[in-house]
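The values are calculated or read from the model by the stated rules, or taken from the named source; none is laboratory data. Here the structure is a predicted model, which is why all the values come from computation and not from measurement. Every residue, glycine among them, receives a Cβ derived from its backbone with ideal geometry; neighbour counts consider all protein chains shown. In case anyone asks, the SASA skips ligands and DNA or RNA and just uses the protein heavy atoms, side chains included. Shrake-Rupley method; radii C 1.70, N 1.55, O 1.52, S 1.80 Å.
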Amino acid sequence: MKFVSTRGASPAVSISEAIRNGAAPDGGLYVPAHGAAADFAALDGDDLPSLAASLLAPFFAGDRLAADLPAICAEAFDFPVPLVVPDPADKRLRALELFHGPTGAFKDFGARFLMACFDRLGLEEAPLTVLAATSGDTGGAVGCAAEGRRSVRAVILFPRGRVSPFQRLQLGCWREPVTALEVEGDFDDCQRLVKAAFADPAVARRHRLSSANSINVGRLLPQMVYLAGAALEVRRETGVDPGLIVPTGNLGHGVAALWARALGAPIGPVLAVTNANRTLSEWHRSGAYEPRASVATIANAMDVGAPSNFERLARLPDPRRQLDVELVDDAAIKARIEAEHRRTGYVWCPHSATAAEGYARLDPGRREERVWIAAATAHPFKFAEDVEPLIGEKLAPPPALAAILDRPSTSRPIPATLEALVEALAEAPAAAEVPAA
Ligand SMILES: *Cc1c(COP(=O)(O)O)cnc(C)c1O
């Protein structure tokens, strides 16, 4: 399988080159050059790592990572993904809990998959450096996924004073070869520095820079797996393809759901739910795509005004008919968290609550046609400061997040200049110096 750019002006590449490059040289995003199909009936009942290896095999066919794919999947899919019934009185709604990984959000899957790929690519050539700017969740997942690696290190930039206390802890708590840089500036400064480093050929070459941001196809492909796995489970139980409700900002989950359905997964209608950022819902309503500045919401990992995966969505046939879009503002998020906790005791995080609200807004007739799977993207404890006042209770951290609270956490402050970043890159521990576990 080859991967081509959405803008059509870059050479077709294999999956490992697409992963290594991040974005295509023409500024577009890599997409599979042609469709693939999987025999889902034969895969029913497989555990998640085996399902992942089978589903992703067509995309890795002919690539140097193909032989390692089963081992990569075993590394990335090694925690449970329960499909639960949040409200015993309504079994039509299921929550797919994607937050039982080491940093409590679904980004653990993509980050671990990607790092497992980079580690093998770095071993073949020379150690790589993953440089990532983060406004919160991604950096923690990438840092965690890089800890102890021998052929890839992570250098993570985050804005001082702009991340929550837990997020700050979660960025600085990973051991070698992970370095957290606390930048004297805002998230845009962090992104500007990362871009400047990539744009400097000497720096990019010396450190063999790679990126782990959400446009990397190595993060998107594994997201298909748990959506397809949950759909198979429901299809087996009910005989009907379930609907998927996916909270989305950059459209990672939205595109992953549509790609999985195109692969043949038993997925019915897809409902993408956004927070108050209106770009996607206005495009769906009018057909005109107009990126805008993002607005801040309590579902902050979805605060996106120009969804980076939109180019991938737009390439699908008749894109507006592929999915529905629902916008859920902060007031509706808060009301949904409060109401569901009072009624059922289940606690949704602010991102996942957009999906619960999307379900509640379905026409009753549509709701009853099938089971609807709502992706629960993060553990509510990560957003305790917003969630606890709504439910009137303290939240207990799950074991993985409690373990993070117990770790020492350090980050290196740097001014928002390329010189400071270059100096930090030179001084950050090298992947190859990490002793074998
Ligand atoms: C990143 C993130 C999202 C949005 O993911 P997309 O890639 O935009 O689909 C939703 N919820 C949480 C908790 C996240 O961290």
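Scanning region 333-376 for residues that are open to solvent by 10 Å² or more (accessible area, probe 1.4 Å) and outside any helix (DSSP H, G or I), which turns out nearest to the ligand (Cβ to nearest atom)? Residue satisfying both the conditions and the ranking: Val347.
Within region 250-273, restricting attention to residues that are within 12 Å of the ligand (Cβ to nearest atom) and open to solvent by 10 Å² or more (accessible area, probe 1.4 Å), the residue that is nearest to His34 (Cα to Cα) is Gly252. May I ask you to list the residues in region 133-149 that are within 16 Å of the ligand (Cβ to nearest atom) and either part of a loop (DSSP other than H, G, I, E, B) or under 15 Å from Asp108 (Cα atoms) (or both)? Passing the criteria: Thr134, Ser135, Gly136, Asp137, Thr138, Gly139, Gly140, Ala141, Val142, Gly143, Cys144, Ala145.
Picking from residues in region 317-332 that are under 17 Å from His253 (Cβ atoms) and without any contact (Cβ under 8 Å) to a residue 60 or more places away in the chain, the one that is surrounded by the most Cβ atoms within 10 Å (Cβ to Cβ) is Val328. The condition of being touching a residue at least 12 places away in the same chain (Cβ under 8 Å), surrounded by 19 or more Cβ atoms within 10 Å (Cβ to Cβ) and not in a helix (DSSP H, G or I) holds for only one of Val203, Val155, Val225, Val234, that being Val155. Right, Ser286: open to solvent by 10 Å² or more (accessible area, probe 1.4 Å) and either aliphatic (A, V, I, L, M) or without any contact (Cβ under 8 Å) to a residue 12 or more places away in the chain (or both) or not? For Ser286, the condition - open to solvent by 10 Å² or more (accessible area, probe 1.4 Å) and either aliphatic (A, V, I, L, M) or without any contact (Cβ under 8 Å) to a residue 12 or more places away in the chain (or both) - is met. Checking each residue in region 59-70 for being open to solvent by 40 Å² or more (accessible area, probe 1.4 Å) and touching a residue at least 12 places away in the same chain (Cβ under 8 Å) picks out Ala61, Gly62, Arg64, Asp68, Pro70. So is Val387 touching a helix residue (DSSP H, G or I) at 6+ places or on another chain (Cβ under 6 Å), assigned to a loop (DSSP other than H, G, I, E, B) and crowded, with 18+ Cβ neighbours inside 10 Å or not? Considered against the rule, which asks whether it is touching a helix residue (DSSP H, G or I) at 6+ places or on another chain (Cβ under 6 Å), assigned to a loop (DSSP other than H, G, I, E, B) and crowded, with 18+ Cβ neighbours inside 10 Å, Val387 comes out as no.
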